[in-house]
Structures are given as C-alpha cells and as structure tokens.
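Colleague: Before I ask anything, let me first share the structure, which is written out below as structure tokens.
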C-alpha cells in the first residue's frame, strides 16, 4: 500500500467526516472509531475501498479493518485532521445522535474501555513479551545463566513493561476517562515506589493517620490503577467546578496526591485485590470442574471473539492471572486459532485457481503464521466460506481441549506464531505444541479435502 494519506482521507470522509468522529484508536489491524452518528458513515463504500479489508460495527465502535498497515493509516489521519485519541463525547453533535446508535451494551462499553486503555502500548507489550519468552527458552536450554549480568540486562528490558504496567495503564486510562495523565502516572509510580513495595514485602502493620492500610502488591497489577484513575477523573471534574481557575493547577494535583492516593491505598487497592483473587479463583474453579469443557469453549469460540473484537476483553483477566498466580492458563486453549486460521488460508491458497483469492489467502496465511495477525485471514478468506470457518472453530476446539486437559500455561505475554513455538514449549511443554499442531494439520486437511470446493468468490459466500 503506497498512498496512506489518500486512504486516510477517504476513510475519514466516508465515516461521516472529521466532525462525526468522537474519538479514534487502533489495534494491530483495525481503526477503531467512536462515531457521533454511525448512520452518517457510508459502510458500503468503505467495504469496497482498496486498502480496507472489512468494516465492523461492534463493541460500541465503528471498526475499519486495514491489516498490517493500520498504524501508517492511523498516523496519516492524525496528521491530516484534528482528530485526537481522547474521549470527546460531550459535544453537542454527539448528544444529537440517534438514540439507537447510543444504545451500547455493557459488554460493548467494557470492550471499548479495555481496547482504548491497552491498545496504545501494545507494541511495547508485545516486544517485551517476545524477549521474555526467548529468555525463558535460553535459560531452559542453559544457554544463558540467570546469575549473569547479560541475563540481568535482558531481563530488565523484558520485565520493565510488566513491572511498571500500572504506569502505562495510568496514562492510557487518563486519556480514556479524561483525567490529568501525568498526575495519573505519578500516582501509579507512587504505587510501585520501592519503600511502599518494601512495606508490603515486610508484612508490617501500616496505618495512615491511625487508619489501617492493607497494602497489596501494585507492580504488575491492573485493576487498582484503572479504578483509581476513573475516581481521579471524577474528583478532578468536581474540583474544577469548585476551585477558582487561577489556583486549579496547584490545588487539584495536591488533592490527587494527598487525598485520592491514600484513599486508593485504603479502599480501592484492597477491594480490587478481593475482586482480582475472586476472579482468578472463579475461573480456576471452572477449569478444575471440567478442563475439557473450558478448553472446548475457549478454543471453539475464540475466533468469533476476534470477529467482533471482543478478544481484547480477555486481556485484563490474563494480566490479573499473571499478577495473582504468576502464570496464565486461559489463553493457551486459544493458541491453536492462529495456526488454524493460517492452515485454512494456506489450503485455499494451494487449491484455488482464482488469482485474486490466491493472493489474499497467501498473504493472510503468512500474516497469521509468522506475525500472529489473524484478521486478514478471517475477513479476507474464512468469513466468505462458512464451511471453512465452522471447520476451523471445531478443530480449534479439539486443540483447546488438549491444552486445557494437559494444564498448558503461559508465564509471560509471548505472542503466538511459528517463531515463538520454542518459547511456548519452554513454558508449557510438548502438550501446547501438540495442541497447535492438531489445529494446523486438522484445519488444513479438512479445508483442502472437504470444506473448500469452489474456485470463484461469488460462490463462496
């Protein structure tokens, strides 16, 4: 794709113009618009636009699927318009939008919040996770000694994003909720401050003006800072109305630091800790009751989560598992999806005589297999043939059962693709490799031999 500026201009024009855009974020493959009035968007024109793979209206967002070039298009939109990444939903135009468009489900709102908070730093997150996974592999193979300074340096690079996760979340949550971002980051830094962490590790009695404080471990945590920043946005909104504008820049930060931060430690931290442990324990109970059923459901329906952009809703639960348990077992049953999608696209690529479809299927297979990016395959190939999509979901469910029953885990947020198989093996053993192989081989054979029978796109839908 050569002319990103033209594509960016055309997309903005056909979502109803710059004035119809409430906010804009992006993930690995999608532009995620929050429109004031979705009825003003020309969806059919967008769907047929060169450079656009798919248009989705889900999770309270108008999602334009671009593929691997999404960041370039996103940057061009920001450069050529006044569209920002913050939430600007207080405009009168937004208030005038139809009530039907404003009816967003609770699931949609939660997904919108999660994607808005996690997506901006996903590149750093993925890179650090990949390095962390390879460190696990290198130490497992005794190629690097954990006591060496080389390991210390590389571990610092890979672990810093996770240890200081509250700081990243604070900035993004502040952008989403409308709080002062650098104050939010300062509060997150205070939560991770060495002397505070030492108090938690020493298990000493902590009080704040004689009020008992139950400290929890804030580094790598998710919920405490998100809820704190949400509370901060409300406190700042009230304070702005009460405090004279002349001294707001002095007293609002003071209120945040001297009042809100202690309240976060006294109330928000302990409450969210109970929620976090309850959530982790509840999911563990489901897995303990029937790992096979849990794995089957996760493996089968995960591709559907991707279709509607709901898969990001699992990320806070996964991060909570890392914080509470030190590992995650929810995502391994879904790992086969990447390989199943790649296999289906590869089968179509090898079998079809349609040159356009062959090009799309080939690139989508490489994208899923090497990059771990599955949307091009889902939207460009699989959703045009229901038989392939159903077969892929069913076989992935079998892979999910294998992963869940054998207790497969992931100890760090490593991407899932063919390049990271050694790292995933080091974390979880041969069972996760078998689960992914079952998905790949099974989907490829079913697609090539049975599911894909037509050579023309017109007959595939």
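Colleague: Going by the structure shown, is residue 333 under 19 Å from the mean Cα position of the chain (by Cα), within 14 Å of residue 305 (Cβ to Cβ) and either assigned by TED's automatic domain parsing to the domain that holds residue 394 or surrounded by 24 or more Cβ atoms within 10 Å (Cβ to Cβ) (or both)?
Modeller: Spelling it out, residue 333 is indeed under 19 Å from the mean Cα position of the chain (by Cα), within 14 Å of residue 305 (Cβ to Cβ) and either assigned by TED's automatic domain parsing to the domain that holds residue 394 or surrounded by 24 or more Cβ atoms within 10 Å (Cβ to Cβ) (or both).
Colleague: In the range 144-186, how many residues are in contact with a helix residue (DSSP H, G or I) (Cβ under 8 Å, 6 or more places away or on another chain), free of Cβ contacts under 8 Å to residues at least 12 places away in the same chain and outside any helix (DSSP H, G or I)?
Modeller: Qualifying residue count for the region: 3.
Colleague: Yes or no: the range 129-151 includes at least one residue that is buried (at least 16 other Cβ atoms within 10 Å of the Cβ), under 30 Å from residue 239 (Cα atoms) and either in the same structural domain as residue 256 (by TED's automatic domain parsing) or under 21 Å from the mean Cα position of the chain (by Cα) (or both).
Modeller: No; the residues of the range 129-151 include none that is buried (at least 16 other Cβ atoms within 10 Å of the Cβ), under 30 Å from residue 239 (Cα atoms) and either in the same structural domain as residue 256 (by TED's automatic domain parsing) or under 21 Å from the mean Cα position of the chain (by Cα) (or both).
Colleague: How many residues, within the range 1-19, are closer than 27 Å to residue 122 by Cα, in contact (Cβ under 8 Å) with a residue 12 or more places away in the chain and in a helix (DSSP H, G or I)?
Modeller: Matching residues across the range 1-19 total 9.
Colleague: Only one of these is surrounded by fewer than 23 Cβ atoms within 10 Å (Cβ to Cβ) and assigned to a helix (DSSP H, G or I): 388, 378, 402, 421. Name it.
Modeller: Working: 388 fails: surrounded by fewer than 23 Cβ atoms within 10 Å (Cβ to Cβ); 378 fails: surrounded by fewer than 23 Cβ atoms within 10 Å (Cβ to Cβ); 402 fails: surrounded by fewer than 23 Cβ atoms within 10 Å (Cβ to Cβ).
Step by step, each of 388, 378, 402, 421 is checked, and only 421 is surrounded by fewer than 23 Cβ atoms within 10 Å (Cβ to Cβ) and assigned to a helix (DSSP H, G or I).
Colleague: Of all residues in the range 35-59, how many are under 16 Å from residue 310 (Cβ atoms) and surrounded by fewer than 22 Cβ atoms within 10 Å (Cβ to Cβ)? Even if it seems obvious, please write down each step before you answer.
Modeller: Of the range 35-59, the ones under 16 Å from residue 310 (Cβ atoms) are 54, 56-59.
Keeping just the survivors that are surrounded by fewer than 22 Cβ atoms within 10 Å (Cβ to Cβ) gives 54, 56-58.
Residues that pass the stated criteria total 4.
Colleague: Next up: Test residue 190 against the stated conditions and say whether it is over 19 Å from residue 415 (Cα atoms), in a loop (DSSP other than H, G, I, E, B) and either outside the structural domain of residue 22 (by TED's automatic domain parsing) or in contact (Cβ under 8 Å) with a residue 60 or more places away in the chain (or both).
Modeller: Details: over 19 Å from residue 415 (Cα atoms): yes; in a loop (DSSP other than H, G, I, E, B): no; either outside the structural domain of residue 22 (by TED's automatic domain parsing) or in contact (Cβ under 8 Å) with a residue 60 or more places away in the chain (or both): yes.
Against the criterion (over 19 Å from residue 415 (Cα atoms), in a loop (DSSP other than H, G, I, E, B) and either outside the structural domain of residue 22 (by TED's automatic domain parsing) or in contact (Cβ under 8 Å) with a residue 60 or more places away in the chain (or both)), residue 190 does not qualify.
Colleague: Count, please, the residues in the range 301-321 that happen to be within 17 Å of residue 414 (Cβ to Cβ), in contact with a strand residue (DSSP E or B) (Cβ under 7 Å, 6 or more places away or on another chain) and either buried (at least 20 other Cβ atoms within 10 Å of the Cβ) or not assigned by TED's automatic domain parsing to the domain that holds residue 395 (or both).
Modeller: Residues flagged as within 17 Å of residue 414 (Cβ to Cβ), in contact with a strand residue (DSSP E or B) (Cβ under 7 Å, 6 or more places away or on another chain) and either buried (at least 20 other Cβ atoms within 10 Å of the Cβ) or not assigned by TED's automatic domain parsing to the domain that holds residue 395 (or both) within the range 301-321 amount to 1.
Okay, residues lined up against (1) within 28 Å of residue 135 (Cβ to Cβ); (2) modelled with pLDDT of 90 or more; (3) in contact with a strand residue (DSSP E or B) (Cβ under 9 Å, 6 or more places away or on another chain); (4) assigned to a helix (DSSP H, G or I):
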{"site": "349", "(1), (2), (3), (4)": "no, yes, no, yes"}
{"site": "359", "(1), (2), (3), (4)": "no, no, no, yes"}
{"site": "363", "(1), (2), (3), (4)": "no, no, no, yes"}
{"site": "383", "(1), (2), (3), (4)": "no, no, yes, yes"}
{"site": "392", "(1), (2), (3), (4)": "no, yes, no, yes"}
{"site": "415", "(1), (2), (3), (4)": "yes, no, no, no"}
{"site": "426", "(1), (2), (3), (4)": "yes, no, no, yes"}
{"site": "434", "(1), (2), (3), (4)": "yes, yes, no, yes"}
{"site": "442", "(1), (2), (3), (4)": "no, yes, no, yes"}
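Colleague: What tally of residues in the range 118-154 results from selecting those that are in contact with a strand residue (DSSP E or B) (Cβ under 8 Å, 6 or more places away or on another chain) and either over 20 Å from residue 165 (Cβ atoms) or at pLDDT 80 or above (or both)?
Modeller: 1
Colleague: Continuing with the same structure: Residue by residue through the range 61-81, note down the ones that are out of contact with any strand residue (DSSP E or B) (no Cβ under 7 Å at 6 or more places or on another chain) and buried (at least 18 other Cβ atoms within 10 Å of the Cβ). First the steps, then the outcome.
Modeller: Restricting attention to the range 61-81, the residues satisfying the condition of being out of contact with any strand residue (DSSP E or B) (no Cβ under 7 Å at 6 or more places or on another chain) are 67-69, 72, 75-76, 78-81.
Within the range 61-81, 67, 76 qualify.
Colleague: Right, next: Only one of these conditions is not met by residue 455: (1) part of a loop (DSSP other than H, G, I, E, B); (2) at pLDDT below 90; (3) within 23 Å of residue 29 (Cβ to Cβ). Which number is it?
Modeller: The failed condition is (3).
Colleague: Check the range 269-292 and report whether any residue there is in contact with a strand residue (DSSP E or B) (Cβ under 9 Å, 6 or more places away or on another chain) and in a helix (DSSP H, G or I).
Modeller: Here is the first cut: in the range 269-292, the ones in contact with a strand residue (DSSP E or B) (Cβ under 9 Å, 6 or more places away or on another chain) are 269-270.
With in a helix (DSSP H, G or I) added as a condition, the list becomes 269-270.
Looking through the range 269-292, at least one residue is in contact with a strand residue (DSSP E or B) (Cβ under 9 Å, 6 or more places away or on another chain) and in a helix (DSSP H, G or I).
Colleague: Okay, moving on. Read through the list (1) farther than 20 Å from residue 192 by Cα; (2) touching a helix residue (DSSP H, G or I) at 6+ places or on another chain (Cβ under 8 Å); (3) part of a helix (DSSP H, G or I), then give the number of the only condition that residue 330 fails.
Modeller: Unmet condition: (3).
The values are calculated or read from the model by the stated rules, or taken from the named source; none is laboratory data. Quantities reported herein were computed from a predicted structural model and do not represent experimental measurements. A quick note on method: Cβ atoms are made from the backbone with ideal geometry, for glycine too, and the neighbour counts reach across all protein chains shown.
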